[in-house]
């Protein structure tokens, strides 16, 4: 396969990207084999996301920045749903290892630019060209997370914003569900890091940590087979707190969310 050309601005050009895209022991020539139609069929936008934002607080938080960003790269963009939250950012670029996801992403946001990360790791972006880089639900899929951070940092403007999310093993949900926890149910998850480990690796990669927060308990049911009860008593308050507030305890969220800046 030939890498897709971007051609959006003079700042963008094909460069070597060292992100580790190999999943488990999968053959290097087919890193996206597990991310097929069946995989993405289980990753649709739910009612909460349609009403409150695909990634909770992130879209409104970026909109309220003193200086609004003009460019964003979403690493592991999937089907491109997050770009619905950030249409105010004029230059939106996404990349993924899955051709299936990218076909759907182009339908989700035809005005954005989407690129395929090839098995050899090529990504068509130059250094220091993005105000914001996001990395949602990606780190758990790659063996070399540090490489992801270093390469993302190289492509950020000085002082640029980096936002990531990944499963949080310190969550009480993990303790309650044990082997049924969502971080273990997805067999493509090979790298589950604590918030402390993530923060340390980001600092080593050239970032300053601005905030670490969590997203509550949305993976119902936890205690009873009556899912509707837990949706009302546990899931809904968690979703609202994540969208409009700030959950600061690592025990109170299924995912770790880190907001950082490029040094």
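Laboratory data are not the source of any read-out in this text; all were calculated from the coordinates shown. All values reported here derive from a predicted model rather than from experimental measurement. We place every Cβ from the backbone using ideal geometry, glycine too, and count neighbours over all the protein chains shown.
Points worth noting:
- Sorted by Cβ neighbour density within 10 Å, fewest at the top, the residues 137, 96: 137, 96
- Mean projected area of the Cα convex hull of region 186-225, taken over all directions, amounts to 4.5 nm².
- The ranking of 43, 141 by Cβ neighbour count inside 10 Å, starting from the fewest, reads 43, 141.
- Computed FRET value (nearest 0.05) for residue 251 with residue 68, which takes r as the C-beta separation and R₀ as 35 Å: 0.55
- Rounded, prolate or oblate (a/c below 1.5 giving rounded, otherwise prolate when a/b exceeds b/c) for region 15-262 by Cα gyration tensor: rounded
- Ellipsoid fit via the Cα gyration tensor, region 150-263: semi-axes of 29, 16, 10 Å, each the root of five times an eigenvalue, largest first.
- Order of 247, 133, 117, 190 - criterion: other Cβ atoms within 10 Å of each residue's Cβ, fewest first: 190, 247, 117, 133
- The peptide list 104-113, 143-152, put in order of mean Cβ contacts within 10 Å with the highest first, becomes 143-152, 104-113.
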